[in-house]
Amino acid sequence: MQRPPVSSTQSSTAFAAESTVASIQFLGNYSQSPRLHGVTRGRDHFPLSAHEVEISNARLSGSPASLDVNGFVLLQNSPVVHSGDLQEITRQHEQECRRLLAEQLGTTQLLLINSVIRRSEQSAGYLAEGTTLPARFAHNDFGAGNTEIARWVDRFSDIGDYASLKRRRIAVYNLWRVISEPPTDVPLALCDVTSVGLGDRAGVEFHEQMPPGSDWVFEMSAFHFNLAQRWCYFPDMHSGEVLVFKGFDSDTSRAQLTPHAAFTLNTTPKFTRPRESIESRFLVVFED
């Protein structure tokens with residue numbers, strides 16, 4: 001499958017910093033439309049191909065990333081206290097996320113979609129207590145275009161349907177933090193959206209199956225590998241920091257669909273703590 005190169009007219013942020021090299025999986029060639037299922041994975045059609053990727057240390061960048069240009073930003077926040085009570089951790093995180101987004105975006109119409117706690121494969125609590133695993137392929141949880149925006153608004157908005165809101169700017173943000181102590185074995189890598197080629201993204205039909213037997217189908221995004229892509233990460237994140245990155249945005253002049261992926265950091269000490277993280281997704285409707 002041929003893909004057009006990255007346009008030379010796109011803006012860029014140079015992450016001129018120390019870097020690491022790690023393996024990330026990307027969408028490979030496929031014979032039919034890509035498809036994923038939340039539970040019945042035997043029905044998936046989702047070929048992946050691993051590539052060694054240079055991942056820069058974004059903390060050493062001379063020019064901090066911009067949420068609306070590069071697709072992500074790191075914010076300082078009140079730490080989440082890891083008491084072992086996952087419900088309390090989730091409550092703390094969601095409360096702080098609401099405050100952060102309201103401060104950053106100047107809006108109070110913040111609609112929580114969901115929250116999820118992930119544990120790395122080395123954790124003693126891997127896949128226990130309703131937690132899930134790190135996603136080790138280049139993806140975004142959402143799809144592109146008005147049809148996908150309408151799907152999420154109509155399902156999760158309590159302030160009106162898409163037809164009544166479509167003249168307003170609508171966006172989705174992911175807010176991600178570690179809740180384990182640094183350093184972590186599986187950090188999160190992000191790709192500067194200005195380095196993503198026109199043909200790098202592919203829509204993936206995702207069948208949400210929670211609970212099983214009640215599929216809700218939506219589009220998410222997966223990405224092909226492109227040498228021009230610029231990946232970075234923030235090493236040694238702690239629970240007082242929050243990564244905010246973009247899902248969709250109805251204002252197409254702004255960054256959207258930020259690619260991200262979990263990866264194993266090969267330079268971490270032998271006894272590094274297994275990563276635990278929490279991520280919340282918010283639908284935001286801006287004022288007219």
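Please treat every number below as a calculation from the coordinates, not as lab data. Note that this is a predicted model, so its numbers are computed, not measured. So basically every Cβ, Gly included, is an ideal-geometry build from the backbone, and we count neighbours across all protein chains shown.
Descriptive notes on the structure:
- Think of each Lys and Arg Cβ as +1 and each Asp and Glu Cβ as -1; about the Cα centre, that makes the dipole of the chain roughly 320 debye.
- Charging the Cβ of each Asp and Glu at -1 and of each Lys and Arg at +1, and nothing else, the dipole of the range 226-288 about its Cα centre rounds to 460 debye.
- Over the range 151-288, the hull volume per residue, using the convex hull of the C-alpha atoms, is 154 Å³.
- Sequence-ordered 3J(HN,Hα) estimates for the range 219-236 from the Karplus curve with 6.51, -1.76 and 1.60 and θ = phi - 60° stand at 9, 10, 10, 10, 10, 7, 6, 8, 4, 6, 5, 10, 9, 8, 8, 10, x, 6 Hz, glycine and proline given as x.
- Of the GluC sites (Glu not before Pro) in the range 254-288, those whose Cβ has at most 11 other Cβ within 10 Å and which sit in DSSP loop: Glu287
- Put the Cα centre of the range 139-157 next to the Cα centre of the range 232-288 and the gap is 19 Å.
- Of the chymotrypsin sites (Phe, Trp or Tyr not before Pro) found in the range 181-288, those in coil by DSSP whose Cβ has at most 11 other Cβ atoms within 10 Å are Phe271.
- Look at the dipole of the range 28-285 built from charges on Cβ: of Asn70, Val204, Pro47, the Cα furthest out on the positive end belongs to Asn70.
- Arranged from fewest to most other beta-carbon atoms within 10 Å of their beta carbon, Arg230, Arg41, Arg177 become Arg41, Arg230, Arg177.
- Fraction of the pair-distance distribution of the chain above 31 Å, Cα-Cα pairs, percent: 24 percent
- Length gained on full extension, Tyr30 to Glu208, computed as 0.36 nm times the residue gap minus the Cα-Cα distance: 61.9 nm.
- Estimated [θ] at 222 nm from DSSP helical runs (n ≥ 4, -39500 (n - 2.57)) normalised by residues in the chain, nearest 500: -3500 deg cm²/dmol
- Per-residue Karplus couplings for the range 116-125, computed as 6.51 cos²θ - 1.76 cosθ + 1.60 with θ equal to phi - 60°, are listed in order as 9, 9, 10, 10, 5, 4, 8, 6, 5, x Hz, Gly and Pro entered as x.
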